[in-house]
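Reading through the structure tokens given below for one structure.
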Amino acid sequence: MTPKERIVEQAMRMFAAQGIKSVRMDDIAQQLGVSKRTLYEQFGDKEGLLYLAMSCYFERDRLRHEEMTRDAGNVLEAMFIVLCDVMATSGTTNRMLDNLRKFYPAVYEKLMSEGTEQSRADFRRMLVTGIEEGLFTDRFDLDLAITVLFYTASGLMARKGGGFVLPGGIDERKAFVQIISTFLRGISTPKGLRLVDDCLKRCGPSCDR
């Protein structure tokens, strides 16, 4: 790890643990044993370092998902594993994104634009793989399916912001399991339907805890 990567990594950990607004460049410099001038020379300002630190945070999630799905038996299992992990870690992620939106809107907009593009590309890859593996039919609009998946996951993750109202007694994880499994059943072949039920038995409890 280069000295610059070490700074970004440490800043990312501090932002996640202490909150984006409360962590100052002085705090990061003191924690790393470097001068504040060094930080400004390498990153320009806090927003420059913040963007790289948040990019590191989301890249870490992507790499963790790759590791978690390495032994998945099929794309349906991989989808459940990834989406359930996204829901499980949404508390910290939402807190950081809320702080970004309030205090660093330019960084927030840039990250959201990049993240949306990446998420939609990931959903497309998984759905296409499912069609190729004979788990999904090819008789649905791919772009519409990607949009439904993306906004369902995003809406449930951001529900505390007021955008997604659930019936009483149903929390985000229970709603997620029901909505996503119902959606996947709707586009699945008979083979895919069996695997959806199998995934719910194995992955569902991890989402519903």
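Given the criterion part of a helix (DSSP H, G or I), in the same structural domain as D198 (by TED's automatic domain parsing) and either of a type outside the set (S, T, N, Q) or exposed (fewer than 15 other Cβ atoms within 10 Å of the Cβ) (or both), identify the matching residue among M54, M14, M87. Before the answer, list the steps.
Details: M54 fails: in the same structural domain as D198 (by TED's automatic domain parsing); M14 fails: in the same structural domain as D198 (by TED's automatic domain parsing).
The conditions single out M87.
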Practice item. Inspect all residues belonging to the stretch 68-77 and state whether any of them is of a type in the set (A, V, I, L, M, F, W, C), closer than 30 Å to D197 by Cα, in the same structural domain as T189 (by TED's automatic domain parsing) and within 13 Å of the chain's Cα centre (by Cα). Key: no
Practice item. Answer yes if at least one residue in the stretch 19-38 is under 30 Å from S188 (Cα atoms) and among the basic types (K, R), and no otherwise. Key: no
**Study point:** Unique match (being charged (D, E, K, R), more than 30 Å from R125 (Cα to Cα), surrounded by fewer than 12 Cβ atoms within 10 Å (Cβ to Cβ) and free of Cβ contacts under 8 Å to residues at least 40 places away in the same chain) among D27, D45, D71
**Key:** D45
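The values are calculated or read from the model by the stated rules, or taken from the named source; none is laboratory data. Every value quoted in this text rests on a predicted model; they were computed, and no experiment measured them. Neighbour counts are summed over all protein chains in view; Cβ atoms, including those assigned to glycine, are modelled from backbone coordinates with ideal geometry.
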